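Data block below; observations after.
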């Protein structure tokens, strides 16, 4: 009898691979005073829209921005000093304002609510009502006409007030907000580290506070078989921070004392610390994906693997990107640049645990197996075993 149920045969549809645009210095500088901005709209409705999206100008712009942010924090700690420009500070002031609303709108006490406190709907309504003016006030005069396009990305970054949930699609919307501001030169390349270590870290603090205060459900969660119930990009940026660390290794996430001590310095460990706080029981049971990744040899391989996973499990997933918005900045136009197709499933060079104490996904310590069958969900479409899944990290 198998340890886990067998999944169906891999998807027989065409494999789109993992299009990764070649990283280059920032080349797009949009003059906001002359540009015609539009209110962004949803475009993706089904699988037929995924390939055009992966080869669109908007996709290339967004993924390049994320890669540049990743490079900016390589071997840097959150607590390291970095330049905070006037516009970075204005963004932090905006986030401080919305954070204050959490105290002003306490959860509604009810014995019938276990998940999804109704007070979050009030919080979201305030966000949607006030954000346009707040962002307009934040932007300089020559950029104010961009407010109509950038605001929906911001308001979409904190969760859904109807479903009372939050997930990686909302995180994507917030990063798109930052990307749009970068495209109109509200930020400069010198701001990138502060965008991650000041703005994005502040954003994570806020959404974690929201998740805890209002008992938000994870949007589109894969249960224990997902990377994280709520976030994705902190693992990408966080593995970059740790790339050449001499003491903290991937398997260090299994040491609670180490995680707690360094969680203020490193984003990856802050994510793990939040999981330890919110979940009980053995780590390999409640977070088998992260447990298995802890057996990867080094942070560099985890970092490159996280980028591939971001494309595969966020940007290529219809249930997530069907809610994503497209305008004139992050648009659906075909890109003149053709991204390189990265490897999704490698050959024999799979990454295997570095210690016999690191088991495979779903298996406890000392139960390492290379043939564990993955659960039957679309999340693992195309992967029949743990070995195939681990080959993303090559």
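Within the range 298-321, can one find any residue that is more than 30 Å from residue 28 (Cα to Cα) and crowded, with 17+ Cβ neighbours inside 10 Å?
yes
Quick one: would you say residue 287 is more than 30 Å from residue 327 (Cα to Cα) and either modelled with pLDDT under 95 or touching a strand residue (DSSP E or B) at 6+ places or on another chain (Cβ under 9 Å) (or both)? Break it down stepwise before answering.
Numbers: more than 30 Å from residue 327 (Cα to Cα): yes; either modelled with pLDDT under 95 or touching a strand residue (DSSP E or B) at 6+ places or on another chain (Cβ under 9 Å) (or both): yes.
Taking the combined requirement at face value, the residue satisfies it.
Can you find, within the range 16-42, the residue that is farthest from residue 323 (Cα to Cα) among those that are part of a loop (DSSP other than H, G, I, E, B) and touching a strand residue (DSSP E or B) at 6+ places or on another chain (Cβ under 6 Å)?
Looking at residues that are part of a loop (DSSP other than H, G, I, E, B) and touching a strand residue (DSSP E or B) at 6+ places or on another chain (Cβ under 6 Å), I get 17.
Quick one: how many residues across the range 155-178 are touching a residue at least 60 places away in the same chain (Cβ under 8 Å) and either part of a helix (DSSP H, G or I) or within 20 Å of residue 87 (Cβ to Cβ) (or both)?
Residues that pass the stated criteria total 8.
Take the residues in the range 179-226 that are in contact with a helix residue (DSSP H, G or I) (Cβ under 7 Å, 6 or more places away or on another chain), assigned to a loop (DSSP other than H, G, I, E, B) and more than 18 Å from residue 94 (Cβ to Cβ); name whichever of them is modelled with the lowest pLDDT.
Within the range 179-226, the match that is modelled with the lowest pLDDT is 222.
Can you pull out the residues in the range 236-273 that are in contact with a helix residue (DSSP H, G or I) (Cβ under 6 Å, 6 or more places away or on another chain) and part of a loop (DSSP other than H, G, I, E, B)?
Within the range 236-273, 242, 243, 263, 266 qualify.
Checking residue 19 against (1) within 29 Å of residue 72 (Cβ to Cβ); (2) at pLDDT 95 or above; (3) surrounded by 11 or more Cβ atoms within 10 Å (Cβ to Cβ), which test does it fail?
If we test residue 19 against (1) within 29 Å of residue 72 (Cβ to Cβ); (2) at pLDDT 95 or above; (3) surrounded by 11 or more Cβ atoms within 10 Å (Cβ to Cβ), just (2) comes out false.
I need a count of the residues in the range 45-78 that are under 30 Å from residue 238 (Cα atoms) and not in a helix (DSSP H, G or I).
Going through the range 45-78 one residue at a time, the tally reaches 8.
Scan the helices (runs of 4 or more DSSP H) fully inside the range 291-394 and keep the ones with 1 or more residues being modelled with pLDDT of 55 or more and in contact with a strand residue (DSSP E or B) (Cβ under 7 Å, 6 or more places away or on another chain). Write out each step before concluding.
Values: elements: 299-310, 318-321, 386-390.
So the answer is 299-310.
Yes or no, residue by residue, for (1) over 22 Å from residue 132 (Cβ atoms); (2) crowded, with 16+ Cβ neighbours inside 10 Å:
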{"residue": "23", "(1), (2)": "yes, no"}
{"residue": "32", "(1), (2)": "no, yes"}
{"residue": "38", "(1), (2)": "no, no"}
{"residue": "44", "(1), (2)": "yes, yes"}
{"residue": "47", "(1), (2)": "yes, no"}
{"residue": "54", "(1), (2)": "yes, yes"}
{"residue": "60", "(1), (2)": "yes, yes"}
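The values are calculated or read from the model by the stated rules, or taken from the named source; none is laboratory data. None of the values given here were measured: they were computed from a predicted structure. Here the Cβ is made from the backbone with ideal geometry for all residues, glycine too, and neighbour counts use every protein chain on show.
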